[in-house]
Each structure stands twice: as structure tokens, then as C-alpha cells.
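What follows is a short report on a single structure.
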Amino acid sequence: MSTALQGIRIIDMTHNQAGPACTQILAWLGADVVKVEKPGLGDPGRNLLGASGTAAYFLYWNANKRSVALDLEKPEGRALLLRMLPRYDVFVENFGPGVLEKLGLDYEAMRAVQPTIIHARIKGFGSGGPYAGYKCYDMVAQAAAGAFSVTGEADGPPMCPGPTMADSGTGMQAALAITAAYVQRMRTGEGQQIEIAMQEAMTFYMRTRVANGSEWGTAAVPRSGNGAGPMLNLYPCAPGGANDYVYIVVATPRMWEQLCVAMSRPELAVDPRFKGWIVRHENGAALYEEIASWTRAHTKHEAMRILAEAGVPCSAVLDTRDLFQDPQLRARGFVKKVQHEVLGEIPILGSPFRLSKSEVELSAAPVLGRHTDEVLRADLGLSETDLRELHASGVISTKEG
């Protein structure tokens, strides 16, 4: 079976998460992604939390890629990269402000050797404006986009959201922009430069919160903790562990009736204290306890099954261990096992993309430099003598753990 992005070749000079998320998405859809890394060190994500080249963090964001270890601080390394470029469609980077420009690898330098290159860059705050020179990480972008301000309890401080939406969400948007630019190039024959600022990308996930409460940007949306009243909230479950909760959403009168029946409490549906949305909200504390007394008698998985089968939108609060055992994810084949060169067989969460005419088998992230010689032979026709000389001079390296 052919793949959706078969034939698209990408040079990936990204690191940590925002850039690697972008290129992994494209690889999952069939693009040939060649990750260019510094010999001996590689992507800093390889060594996160003291890992020696095999951090789970790196493995989660670099599947289905090939690794080339090439020292761009050496003139010979930069020359090799520029020689490679005409054989690629896309170049992606997420370095800090000015890094690639200092190496002489800006968009204009690339266009000179590959006029139709699609040059995508991910920056914290973009290349213009008063914050352009500021460095950025996921949490910084989330704070700058307002996400902290709407997360947490109403009477507590702003909180850092758990998911790394600024990094991975920016990567997703960059992948879409690259795909769009490639489609446009098919029509026009012209490449272009793409810039995605993490602050701006993160506001995409803030739009509903901004719409519901900011009064067109004239007011600060308050924090509301885990919900807004008893019809949209988190409920405790047995046996009372750290993540033993179920989240329930009752959005319509019909769902309210279904909830009462599912709890074997049909009388609540006609109780004058809870008749209608506004009255239920006014008597929220009492109603919360009525529902919580039922959820406390069930595990989160039991509560989810009973309520969901009755038509009430809800979910057990799955923790990161639960995800790998979740029957829904397992039934759909989402939990994969891949063979890693150093770690052996490892479980990993799969790709969410399911295309009926395109399927890409998940493969583990490569060790540093695993494909250096392979890529340089194929792309540049380098001989074994050429490769030995480049290795000896430290310009390239192969298969470092």
C-alpha cells in the first residue's frame, strides 16, 4: 500500500518536542524524514532526565525517522548539508533566535541551492515583535497564551496544565502548514517559508475559553477548577486512590433523566430542588453530594460503564498506567510494541491517523547516527573512502548510542 505523503523528503533539524512532533506526524503519514543531529550529542531530548541517549521522551517524538550525525559547526558539515538540500522538499527547524543564521543556513542560503525548498521554522514568539529574541519552552508558551490563567481552582493561583499542548500542538499546526505549502507548490512550482510562533499556536486551544467569558478581550476569564456546577464535574470513586475519579457531563434534560435512572435514583429527576438546569445549579452542593454518594460506591471503571451505557457522557480518569491497559485503545490496536536497537521491545502509544488508503507501520526512533552512511551514499554518492575521511575528521559519525 502506498502512503499519503510518499515521496516527500524532509530534513529535520529539530530538537526537544515542538519540532520533532511536527516531523513525526509527517513521518507517520509516509514522508521520508532524515533527522540531522550533532555527532556525540544529538537531540538534547535523547538525554533527558539523565538517560544516556535512549530517553523515553526522545523515543516518543522521533519514531519513523532516520538519523544522520553531521557537525554543522564545521565548514565541511555545512557544505554536506547544502549538497543534500536539492534532494529534499522540506527543511524544518526550531532553534532559538539567530542560531541557524549564525551558521549561514538561513532561508536565502537554502533557496540558493534548492529554489523550491519549503522552509519551516518554529519559534517561541516569532521573528518580529518585542518578544522575538526571547527563548521559549512549552510551559513558557502556555503561560504567554493564557492557558495558566484559566487552569486551577477559582480561589487558587494559576496552574501549569498537564499536557504539553504548546509544543505538540505547535508541531501539529506546523505539519499541517507544511502539507498545505507542499500542495501549493504542486500547483505553482514555488517553495516558501513557514513560520509558526508557539505563543500564537497555543492560542488556538484557548479560543473557547476566550469566547466564553473574555467579553471580546475586555475581561479576564476566571478559573473554574474541574467544572461548573454539578452537571459538569469530577466525582470521587472507590477505592479512593489518587486518580479514582469519573468526569461527568450532563448537557441536556434527557441526559439528566438518564443519569438519575442509571444511579437507580429516578426520584431525583422530579425533586423540586433539582428541577431544571438553573435550579440544579443553585442547589449545586446538595446535588453534587447526591451524585458523589453513588460514584463513591463504584470504581471509576464501573461508574463509566454504567453511566455511558445509559447515555451519559463520562469517562474514568485514566492515568498514564491505565492508558496502556485501556480496553478501547487495545481493541483498536493503538498500543503498539516496537523493537528498539538498544532497549529491545518497548510498548508505545501509536498514531491517531487512520487512513483507509495509507498505512505506515510504526518503527522505533533511531539511535544517533544510525543512518549517516546510508543517507550520504544514497543522496551524494559518497564512496567508502569519502566516508572514512569524514568520520576521521569528526564531520560525521555513525551509530552512536
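The values are calculated or read from the model by the stated rules, or taken from the named source; none is laboratory data. This structure is a prediction, so every number in the text was calculated from the model and none was measured. Virtual Cβ from ideal backbone geometry, glycine too; neighbours counted across all protein chains shown. Accessible surface areas use protein heavy atoms only, side chains included; no ligands, DNA or RNA. Shrake-Rupley method; radii C 1.70, N 1.55, O 1.52, S 1.80 Å.
Here are some notes:
- Test: residue in segment 351-368 that is in contact with a strand residue (DSSP E or B) (Cβ under 6 Å, 6 or more places away or on another chain), acidic (Asp, Glu) and either under 30 Å from residue 85 (Cα atoms) or outside any loop (DSSP other than H, G, I, E, B) (or both): no
- Assessment of segment 74-93 against the conditions (in a loop (DSSP other than H, G, I, E, B), touching a residue at least 24 places away in the same chain (Cβ under 8 Å) and surrounded by fewer than 15 Cβ atoms within 10 Å (Cβ to Cβ)) yields no matching residue.
- Single residue of segment 265-277 satisfying the filter (open to solvent by less than 90 Å² (accessible area, probe 1.4 Å) and in a loop (DSSP other than H, G, I, E, B)) that is nearest to residue 305 (Cα to Cα): 265
- Segment 29-64, subset in a loop (DSSP other than H, G, I, E, B) and touching a Ser or Thr at 6+ places or on another chain (Cβ under 7 Å), residue farthest from residue 137 (Cα to Cα): 30
- Residues in segment 199-254 that are touching an Asp or Glu at 6+ places or on another chain (Cβ under 7 Å) and either open to solvent by 50 Å² or more (accessible area, probe 1.4 Å) or in a helix (DSSP H, G or I) (or both): 223, 243.
- Contacts under 9 angstrom Cβ, first residue in segment 185-198 being within 17 Å of residue 10 (Cβ to Cβ) and open to solvent by less than 70 Å² (accessible area, probe 1.4 Å), partner of a type in the set (Asp, Glu) and at pLDDT 95 or above, 6 or more apart: 185/89; 191/89
- Selection within segment 128-173 - part of a loop (DSSP other than H, G, I, E, B), open to solvent by less than 50 Å² (accessible area, probe 1.4 Å) and among the aliphatic types (A, V, I, L, M): 132, 145, 147
- Summed over segment 278-304, residues that are of a type in the set (Ser, Thr, Tyr), in contact (Cβ under 8 Å) with a residue 12 or more places away in the chain and open to solvent by 40 Å² or more (accessible area, probe 1.4 Å) total 2.
- Selection status of residue 323, touching a helix residue (DSSP H, G or I) at 6+ places or on another chain (Cβ under 9 Å) and within 28 Å of residue 351 (Cα to Cα): yes
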